[in-house]
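So the structure is just underneath, and the comments pick up after that.
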Amino acid sequence: MNIATGAMNTLLPKLGELLVGEYKLQKGVKGEIEELEKELKGMTAALHKVAETLVDQLDQQVKIWASYVRELSYDIEDAIDTFMLKSKGHEPATSFKKVTNLFNKFKTNHQIHGVIKDIMDQVKKVSERRDRYIVDDNAARPTVVDVDPRIEAMYRKTTELIGINKPKIELTKRLLEYDGSSKQQSNIISIVGFGGLGKTTLANSLFQELKAKFDSYCFVSVSLNPDINKILKNILLQLDEKKYSHIDEAWQTKQLIDKIRDFLNNRRFLCVIDDVWKKPAWDTIKLAVQDAKLGSKIIVTTRNKVVAEHAGGGVYEMKPLSDDDSRQLFCKRIFDSNDDCPADLCGVTEKILKKCGGVPLAIITTACLLASKPRNSQEWDKVNKSIGFGLEDNLDVDKMRKILSLSFNDLPFHLKTCLLSLSKYPEDELIRKDRVLLQMKHDLQGQACRRLESYFSELINRSLIQPMSGDYYWLEDGKVHACKVHDMVLELINQLSVEEDFVTTYLSDGQQAGKCTYTTQKKKIRRLSLHNSNKSYASQEAREQLSKVRSITIFGKVDSIPPLSSFHVLRVLQLEDCSGMDKNHLNHLDKLRLLRFLRLGHYSATELPESIGKLESLETLDIRGASKPNSLKSHKVLFPMSFVKLRKLLRLYAGRVKLAQGLMLGDMKSLQELVIDATRKVIKEIGNLTELRTLRIVFSSEKTFELKESIQTSIQRLTNLQDLDLRNNVNFEEIIDMQQVPSGLQRLFMHDSYMEAFPCWINSSMLSCLTTLSIRLGFEYLQSDHLDRLAELPSLRFLKLQLRRGGLNDLGFGGDNKAVIEEALKDYPNQAALVLIC
């Protein structure tokens, strides 16, 4: 239901834009838009009340009403976007195609009156439904208290616990032993990790083993929506059951905290605070136990790394089970032995365990599901294929979904939207942060997209996506630039995506990911994802389904795609493998007038179609990795003269390009981000792109590296530049000396070529905004004044230095030099958060 709130939040600013923009609307029409705006604000307020209620506690009629609102908001936004484009003169009236259903009446500016009237009629109908369903006062059903699905972890037999000994030994050592230094050992340790990873099981095992060593002890669960007074009363009851068996119900929070503090005074105690979701809950509970003395210990478990760090003390990040432990747990559950898997099931068992990813909850759930199946590889393979895309329902699967759903329910609507956006990706897909955030930005416009960069980190901290690292990335700045989604989370968000009608995903067998319910059968497709799918869209009915699609993503080689003329309101077109495409696949590209994001992965054609110039809404074009079929070598792509018509293009991500005769890259004045291979013509034109914020240039041949002097001249003209990345794929021993860089730089990467001298522009007056620096220097030691200039950079947070030592290929330097740098930088207060890599 939060998705409906997000859709409405993106729409309201557009209505405001209509009123103040240069659209020459009649006074009466403006009045109608203002009335529509008021009505939609009222609906938004009701939606916010719905959004505050857990999904499983919502009345079914309320769910249906919120679904109507979401669909209506999409239709209104489509109509407004189309009108805005047309009213600015970009679309000849003679060629304007009818917008289906609600908005097929207006063809010219003066007809918007009829459109607004139709919209108001629909809005009033939805508002009447709201009144009939009494959404504002009765958003939720009477709360049904379910049994906590994690309670089982508290009562597992020691013999059933697998893979827990090593973390338990490590944590016991950290809890009970002193490190021999003068500093006092921390009295708090937080266990953080993915839902179902076994945090509660580990904490309880520690608790049961160690509690005898303490004077007093307690174990309480906080949960997603805690009753703090109830938790504090539970602590008192466990500390002294006889004394506090009849607690005065009138006691308030402060009285309960004081009672706990009085009891624990001069006692050595062990306290487990399990399943903490939010900082405020911990902040209140810690008031009762924060003065832990005499070696008292507190263990906190949480799914959120931010909460763990906020709690203070040490943080222990739980790891998935090893392959051997995963196999042992699986076999123990299904065969009642540690390793007794029949030979004919070994292959499919390994596939299943790979998908479970070492998460005990997933392994146990899948094993319980398989226990009810015939023991043959065909039946087990069916279960394996369903993991991630719609496990059949049974009690164990339902329990797992409830545990994972707790994490989803705790997300604000913008993070729910971000997570559901990942449901379109295939299992085990490496998801690049830059691409997914750009697609979201173009698909989900408005206020919800202003902090997209931080959303990625929040989902990692909440253990909902898995950060990936490696040499795959462009930037080495200490940040995470890619992730994967655990198959069990993917299964959950696929199902939620179907229920919310967010993404429609078809797999290679033509089946839809997730299970359709009676309420999701006939909804319009808004976002479409095809995974090597051969689903046909030849029929008229199938094509009508596509008329409202806002985003289409195709994974796998594109042999056929739905006709582009079917997509009337498409904003995002992402084709991950175009190596099998011919020029006919992009017929009618010029019809996609609302298209904002276009990715053509592994583009095999030697030129872009002339019709690309008609994509007047296009903001992002990504053709990185262009190559011929079965070839690892990239090839040049010709940009036609019509390319210059893309006046709204903000981002161009390409490799080797060739510009048509007369086409000047410098005329693309709107460009703010450019990734491109160096050529003489490109380097010459870059200096004219004065709006550039991000520039990444690859020197891919000896010939292009000769242009290093020209690039310096061009870069100095880019006064708005914030990110600069110069890559040398030719010879890592080349020397490049930048005499000057733009003073507003925030991130600078030049670690593929050496600079012979310490750059004169590294000083606090020139680079006051620099947060990230990665360079190679062509000498062995840094001088003291070099260290002083680095330390004085007021905004620097990430520094990577590589120096020559001995031979030309002897990179970096040893721990002694790094220690010298760290010592030199530590006295500068603004370097407290600096990450140093040498």
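Applying the condition of being in contact (Cβ under 8 Å) with a residue 24 or more places away in the chain and of a type in the set (A, V, I, L, M, F, W, C) to the stretch 743-760 and asking which residue is farthest from GLY778 (Cα to Cα) yields LEU745.
For the stretch 619-627, the condition of being in the same structural domain as ARG696 (by the TED database), surrounded by fewer than 19 Cβ atoms within 10 Å (Cβ to Cβ), under 21 Å from LEU85 (Cβ atoms) and not β-branched (Val, Ile, Thr) holds for none of the residues. For GLY358, the conditions (1) in a loop (DSSP other than H, G, I, E, B); (2) open to solvent by 10 Å² or more (accessible area, probe 1.4 Å) are fulfilled apart from (2).
Just checking, does the stretch 262-285 include any residue being closer than 28 Å to MET318 by Cα, in contact with a His (Cβ under 6 Å, 6 or more places away or on another chain) and open to solvent by 10 Å² or more (accessible area, probe 1.4 Å)?
Yes, that holds for at least one residue.
One line per residue, one yes/no per condition, for (1) open to solvent by 10 Å² or more (accessible area, probe 1.4 Å); (2) part of a helix (DSSP H, G or I):
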{"position": "LEU573", "(1), (2)": "no, no"}
{"position": "MET581", "(1), (2)": "yes, no"}
{"position": "SER604", "(1), (2)": "yes, no"}
{"position": "ILE612", "(1), (2)": "no, yes"}
{"position": "SER631", "(1), (2)": "yes, no"}
{"position": "LYS658", "(1), (2)": "yes, no"}
{"position": "GLY666", "(1), (2)": "no, yes"}
{"position": "SER670", "(1), (2)": "yes, no"}
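Scanning the stretch 319-346 for residues that are open to solvent by less than 60 Å² (accessible area, probe 1.4 Å) and assigned to a loop (DSSP other than H, G, I, E, B) yields a count of 5.
ASP291 meets each of the listed conditions (1) farther than 18 Å from ASN187 by Cα; (2) touching a Lys or Arg at 6+ places or on another chain (Cβ under 8 Å) apart from (1). For the stretch 397-435, the set of residues classified as at pLDDT 85 or above and either of a type in the set (Val, Ile, Thr) or not in a helix (DSSP H, G or I) (or both) consists of THR417, TYR425, PRO426, GLU429, LEU430, ILE431, ARG432, listed by residue number.
Which residue is modelled with the highest pLDDT, if the candidates are limited to the stretch 12-49 and must be closer than 20 Å to LYS63 by Cβ and touching an Asp or Glu at 6+ places or on another chain (Cβ under 9 Å)? Of everything passing the filter in the stretch 12-49, ALA45 is modelled with the highest pLDDT. Residue selection: VAL62 satisfies the criterion of being modelled with pLDDT of 70 or more and touching a helix residue (DSSP H, G or I) at 6+ places or on another chain (Cβ under 8 Å). Inclusion of GLU241 among residues that are surrounded by fewer than 17 Cβ atoms within 10 Å (Cβ to Cβ), touching a strand residue (DSSP E or B) at 6+ places or on another chain (Cβ under 7 Å) and not basic (Lys, Arg) is not warranted. Among the residues making up the stretch 497-511, a single one is of a type in the set (D, E, K, R) and farther than 22 Å from GLN60 by Cβ: ASP509. Scanning the stretch 191-202 for residues that are in contact with an Asp or Glu (Cβ under 6 Å, 6 or more places away or on another chain) and among the hydrophobic types (A, V, I, L, M, F, W, C) yields a single hit, VAL192.
Exactly one residue out of PHE335, PHE330 is aromatic (Phe, Trp, Tyr) and free of Cβ contacts under 8 Å to residues at least 24 places away in the same chain, and it is PHE335. Counting only helices (runs of 4 or more DSSP H) that sit completely within the stretch 218-311, those holding 1 or more residues that are over 27 Å from ILE465 (Cβ atoms) and not hydrophobic (A, V, I, L, M, F, W, C) correspond to 228-239, 253-264, 279-289.
The set of residues from the stretch 216-232 being closer than 19 Å to LYS279 by Cβ and surrounded by 18 or more Cβ atoms within 10 Å (Cβ to Cβ) comprises VAL220, SER221, VAL222, PRO226, ILE231, LEU232.
Taking the stretch 711-732 as the search range and keeping residues that are open to solvent by 50 Å² or more (accessible area, probe 1.4 Å) and either touching a Gly at 6+ places or on another chain (Cβ under 9 Å) or at pLDDT 85 or above (or both), which one is nearest to ARG797 (Cα to Cα)? Among them, the one singled out is GLN722. The residue pairs whose first member lies in the stretch 508-533 and is on the phi > 0 side of the Ramachandran plot and not assigned by the TED database to the domain that holds LEU496, whose second member is modelled with pLDDT under 75 and in a loop (DSSP other than H, G, I, E, B), and whose beta carbons are closer than 6 Å, counting only pairs six or more residues apart or on different chains, are GLY510/LYS535; GLY514/GLY390.
The values are calculated or read from the model by the stated rules, or taken from the named source; none is laboratory data. Since the model is a prediction, treat every value here as computed from it, not as a measurement. Positions of Cβ are backbone-derived with ideal geometry, glycine not excepted, and every protein chain shown enters the neighbour counts. Keep in mind that these areas ignore ligands, DNA and RNA; they rest on the heavy atoms of the full protein, side chains included. Shrake-Rupley method; radii C 1.70, N 1.55, O 1.52, S 1.80 Å.
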